[in-house]
1. Let me spell out the model: positive unit charges on the Cβ of Lys and Arg, negative unit charges on the Cβ of Asp and Glu, origin at the Cα centre of segment B:7-222. What dipole size does that give, in debye rounded to 20?
2. Given axes a ≥ b ≥ c from the Cα gyration tensor, I'd like to know whether chain B is rounded (a/c under 1.5), prolate (a/b larger than b/c) or oblate.
3. Residues of B:415-428, mean number of Cβ from any other protein chain within 10 Å of their own Cβ, rounded to a whole number?
4. Quick check: the angle from helix B:67-78's long axis to the longest principal axis of chain B, C-alpha only, nearest 10 degrees?
5. Between residue B:161 and residue B:206, take the C-beta separation as r, use R0 = 30 Å, and let me know the FRET efficiency to the nearest 0.05.
6. Report, to the nearest 10°, how far helix B:7-31 tilts away from the longest principal axis of the Cα atoms in chain B, using its own Cα long axis and a range of 0 to 90°.
7. Would you list A:627, A:121 from fewest to most Cβ contacts within 10 Å?
8. Arrange the following residues from fewest to most other Cβ atoms within 10 Å of their Cβ: A:252, A:175, A:523.
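Every read-out reported here was derived from the displayed coordinates using simple, explicitly stated rules and does not represent laboratory data. Only a predicted model underlies this, so the values are computations on that prediction, with no experimental measurement involved. A quick note on method: Cβ atoms are made from the backbone with ideal geometry, for glycine too, and the neighbour counts reach across all protein chains shown.
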Amino acid sequence: MFRLGIDVGGTFTDFTLLNTEAGSAIHYKLPSTPQNPAESIRQGIPKLLAVAGIEGKALGFLGHGTTVATNMAIERRGARTGLVTTKGFRDVLEVGRQLRPHLYDYSQIKPSPVVPRRRRWEVIERLSFDGSIETPFLEESGAAVAAALAEAEVESVAVCFLHSYRNSDHECLMRKMIKAALPDAYISLSSEVLPEFREYERMSTTVLNAYLGPAMATYFEDFVTSAKALAPNIEPYTIHSNGGLMTAATVRDHPVRTCLSGPAAGVVGAAESARSAGLPHIITYDVGGTSTDISVVRDAKPTFTSDRQVAGFPVRTPMLDIHVIGAGGGSIAWLDDAGGLKVGPRSAGALPGPVAYGLGGTEPTLTDANLVLGRLNANALLEGTMPIDIGAARAAIENKIATPLGLETDKAAFGIIEIAVANMSRAIRSVTTERGYDMADFALFAYGGAGPLHAGELALECGIPRIVVPDAPGTMCARGILLSDIVHDLVRSAVAPADSVSWLDVCRLFKEMRCEGDRLLTRDGVLRERRTFRYFIDARYVGQNHEVRVPMEAIGQGDFRAFLKGFSEYHTLEYGYDIPGRAVETVNCRVQAIGDVTRPEQRFSQDSRSLDEAMTERRSVYFGAAWGWLETPVYRREALPQHKRIEGPAIVEEMSATTVILPKHSAALDGMGNIVIEVGL
Amino acid sequence: MSREFDPVAMEVFSNRLLSITEDMGNTLIRSSFSTNIKERRDCSVGLFDARGRLIAQASHVPLHLGSLMGGVQAVLKTYATGDMEAGDAFICNDPYLAGGTHMPDISIVSPVVIDGAVQFFTANIAHHSDVGGSVPGSISGAARTVFEEGIRIPVIRVASRGVVSDDIMRLVCSNTREPEERALDLNVQIATNARGTALLESLSDRTGLGKVLGAVDDLLAYTNRRLRNRIALLADGSYSCTSYLDDDGQGGDPVAIAATVHIAGDALTLDFTGTSGQARGAMNVPESALRATVYYSIKTLLDPNLPPNGGMFEAIAIDAPDGCLVNPRHPAAVGARSITCNKVARAIFGAFAPLLSDDSVMAAGHDSIPAIVFSGERRGGGPFVYLETVGGGSGARADSDGMDAVHVHLTNTSNLPAEALEHEYPLMVDEYGLVEDSGGAGQHRGGVGIARQIRAMQDDIVFSIRSDSHVIGAPGVFGGAEGATASLIKNADGPDREELSSKVSHIEMKAGDSMRLETAGGGGYGAPETRAPSALAADIRDGLVSRENAEQDYGGPFVEQAVLTAEGEMG
């Protein structure tokens, strides 16, 4: 059987086809088609099938990751949306948390909401904090709003009433009235999209869902139809921001969940690859042309957050906690008027690109520095298809950086790399220390085009003892899709003092959510024996306003003590202390309903060639003032033998990336196709 | 002596040192108990050299910019570095005795001993939700002296060689309303410095102390040079602006804050001569808070990404007459300084306006930090105090309308969601929205204010407020109109509707009574008749500007034309 993973990025669409019997993989790349995102998939699948020499019906699985939703939100190409909310609250979407985006820079302003004020309506109704009715739903005011929505010709509607996470009756009534007035409108209720308290975040998530809904529904219909036409035996899946797979039906109701789809797949793939290499704790380090994504994986489990922003708006659905740093290969090096050397945040991007690419770039970039120092091979970029002008790169660094600073050109170029690494290191340290982790316990999992190029210096700067560079580092996202499970995240707010009485309510909620999870997995066609349920309770000490997520083995009447014990443990783990005897409050109940999709294994051939046979050349590479220029062996990755030690300095080249092994570092290819580098701190 | 400036090492070490402060900040926020530190992030951490120069700071509120310096300098004045040992920690908060900014902000300063001598200090400051005094929360606009504002802590050694003094902790914590939380958070503050100390030791171990110290000198010199370059571009001369508080917290006339900026070559002095005498209430600004306000303003006006360190501070001189609102005499109360600080920023921004190019000038924002406080009995029994500071409109700029509903200048603190508030307290939010017609008209409109109306759900709720800009609105620039003033109305929807003044306390509320605060809008930029008709039409369609007001501010024919054009475009 064959399994296909597709990652639709902003620039390229990546395909990875895995032959599960042979354990072999084929990677394929096409430019993306932003006008009609499903088009690149429609074009790519037949081409890939032709390369592999198989028929569409040999495909048994197809999963895809996409940044279509995020791009649509950023470019504000979503639907004409209306918002219906409780009287007195139509501006919540605009006030937000009353914060300005930057403390000192007033040119950075709040983004205006995707629903302008003229399309935000209020209905007379009000619930209390406990879900009881304070003011009954006034039918006339609901009808008037429904008529106004029709008059305004909206394509989609978000409904978000205060405290609806406790009682969805009024939102459901409103939906009926909207449906009557606007039968074709796409409707999102906050009690369904995110039944969680804190009105601004719930409203923002619901509004974004409605804003993306109509266009995403069209895209998915298109995608599913063409995928099924090409591969009749599959039910196409999409990966969501939490790293799990979902079916087309779920995506239609919850498009907002796909916002971090592609990068999430990369992290899932990294976590899974590292686990099978025996490394449960990793920091993922994905360096592209303009940005770097990092995330923390502990015990082979990616870290989650429900505190992310998409296009400047909060989205509270669970997502993998991926941090984006504005630094990549295209980051520009520049001098300020006080003699400071800076790298980024401006990037030359793909166009005009680095100076060496000769596409019009005049400002030296990180990539230029790598070329000048011999770390990147001037002839091997994209297998020699791209002409490289090292002289131009060298001249740019000399004229714009080295001469004004009175530095030698080599040192200036190396300074650019050191500063870029210092910037990235600071971001990585901040992400790990925020959670109280010690980096000595982690391995650095480097992928993306430029990750393996800087991983050595980064590990040294951060104190990370080991680096892993997976096979084909440029295709991690498409591969990650093949390693994911179906996951539904369910949440209900239950803000109450935790005691043996309220515990019964908690148990009832979990029972309901478990049933809902079963229903969803049944709809997805997951067999009973392949289902797993994970339970979590968000809780806090009374008087706190921040919660700790406590995982629970089971939630039954007798488990209250286990919950309190777990809360103390996790509070200590997260914050370093607990307060015995202080009253605890439950906030949210969460269930993860997981449908296990068999994970295929990629196998790597074990031939016993020697290292010498894998070596393509020796070239001079600069490793900083301490080492200067060193004659450095260069290896072809595909030809590397397993388990043979490579002592740095050395360079390993492949189609999608270059790995630099620093002096004193030592590397070997393991049995899973990973290059594992010991940093020897 | 003439070591060469090394730009690469400086940038690399700058990142390493900032990493240490970020690690300390994370430790402080992650491990603290109180919402004030953990969620509102009302805290800052910093590294200093042995001379007390700030090297790096992780600050979450501009009001803390440079305010750690007061504490560190007080420590250096009180104790000789030769008498300090590894593992020591000093505590202080007093604005007059120890460079504090107001009583609730407690600083911890710890020496870092490397090679047998103090080489650095690690320091942090956190806003504690109560430090005793006459009212819960320790801030009362009515306080006359610092003695009413909570426990006064001069610089004292709270830990010796790694052992925290139980005696001192008990003394401090017993003087507050929540001793358990104070003790938890103070211990976290001490541990935060210990973390920073360990990281500095390890950095110096790894790279050598000399390299670290060299990079620090480079960094401070670089920052100083960079700011002086900005200053040198400004025309020499003196430029003044006066802003006003509605009153000094005890009623009476508006209170003037006069700021004059003197530019001579690359030297900059801010002079507050002409400012009214010190307030009878707690609106006074102590030295540390004034410095923070000046540093914030200059960073924002001249170089928003300038690293905040001693090199920046050395380029700026501050002069304030003794006994005035921004340099009060002991023991004048200072608890409510933050509103005044925002008005000081307004005066500084105004003074700079003629120095900047037209497109970097910003109209005044609401420039207040209105704080509302409700207290009473919880539903299940036990007292509660709910405090919130409410945003307003920011000033319009050359390239955009002012932002609606934000904190401006020295604070940036998030709200409490209505749903969280109603769970917690016997209160109900009737409205939380934008104030129509509150943004000053102009080519670019000032941001609009926030309306927050809260109803008591039971008897015996007590309400207090510290607010401003209820009398004097935010001025516009280049012909832009003034923003609307703020107002406080009791029972806005009832027959017993009553407007209250900006600084009232202990107002009794019965079940069903409501308080409505409408905060001020920002000033406009440029003449109203140059506004893009489509932008005006959109404001009218969105109800942010009423047709009636628009006709007054922009002229009837202009409005008519704008609305017609917009309708044409919409089809």
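1. Charge dipole, segment B:7-222, about its Cα centre: 140 debye, nearest 20.
2. Numbers: a/c = 1.97, a/b = 1.31, b/c = 1.50.
Oblate.
3. Working: counts 7, 3, 10, 11, 16, 7, 1, 8, 10, 5, 1, 1, 0, 5.
Whole-number average of other-chain Cβ neighbours for B:415-428 is 6.
4. The helix B:67-78 is inclined about 30 degrees to chain B.
5. Working: r = 25 Å, r/R0 = 0.83.
So, using R0 = 30 Å, E works out to roughly 0.75.
6. Between helix and principal axis, roughly 80 degrees.
7. Ranked by crowding around the Cβ, least crowded first: A:627, A:121.
8. Working: A:252 16, A:175 21, A:523 12.
Lowest to highest Cβ neighbour count: A:523, A:252, A:175.
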